[in-house]
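Notes to accompany the following structure.
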Amino acid sequence: QVQLVESGGGLVQVGGSLRLSCAVAGTLFSIDVMGWYRQAPGKQRELVADITSSHSTNYADSVKGRFTISRDNAKNTVYLQMNRLKAEDTAVYYCSIRVGGTGVWGQGTQVTVSS
């Protein structure tokens with residue numbers, strides 16, 4: 001019933017910026033936590049950032065000061081503003097939410113940072 005639709009990925013140069021969006025459709029419940037994960041080639045999926053319904057945030061050390069997560073509860077959308085991108089940020093980025101103890105994942109969007 002719940003579907004996550006991601007957008008905003010693409011190719012960007014080192015030092016550039018991208019904004020990822022994830023719109024949630026099909027839920028009648030409040031969303032407890034919304035977050036972003038990423039998976040680079042040959043590596044496991046890792047948490048990038050998440051945000052609670054009260055807008056408390058959590059970031060991976062590698063992105064602190066560069067990335068900002070936010071949510072618009074009226075639109076059921078979570079965003080990830082990525083600034084000063086590094087080559088190491090290259091990965092597939094996945095949106096994720098938790099609703100009533102159940103986790104739901106998006107399809108993933110590719111972010112490639114090149115020099």
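Observations on the structure shown:
- Net charge, GLY10 excluded, C-beta distance under 15 Å - Lys, Arg +1, Asp, Glu -1: 0
- Measuring nothing but protein heavy atoms, the accessible surface of the stretch 4-115 at 1.4 Å probe radius is 49 percent carbon and sulfur.
- Cross-link reach list, aspartates and glutamates versus LYS86, counting only Cα pairs under 19 Å and skipping chain neighbours closer than eight places: GLU46, ASP61
- Karplus-derived 3J(HN,Hα), 6.51/-1.76/1.60, for each residue of the stretch 29-44, Hz, glycine and proline x: 9, 5, 8, 5, 9, 10, x, 10, 10, 9, 9, 8, x, x, 10, 7
- Karplus (6.51, -1.76, 1.60) ³J(HN,Hα), θ = phi - 60°, over the stretch 68-84, in Hz, Gly and Pro reported as x: 9, 9, 8, 9, 10, 5, 5, 9, 6, 10, 10, 10, 9, 8, 10, 10, 6
- Secondary structure note: in the chain, about 90% of the DSSP beta bridges are antiparallel.
- As a calculated quantity, the FRET efficiency between SER53 and GLN3 at R0 = 22 Å, using C-beta atoms, amounts to about 0.65.
- The chain: equivalent-ellipsoid semi-axes (sqrt of 5 x gyration tensor eigenvalues, Cα, Å): 24, 14, 13
The values are calculated or read from the model by the stated rules, or taken from the named source; none is laboratory data. If you're wondering where the values come from, they're calculated on a predicted model, not measured in any experiment. Don't worry about glycine lacking a Cβ; one is built from the backbone with ideal geometry, like all the others, and counts go over all protein chains shown. Ligands, DNA and RNA are excluded from the accessible area calculation, which covers all protein heavy atoms including side chains. Shrake-Rupley method; radii C 1.70, N 1.55, O 1.52, S 1.80 Å.
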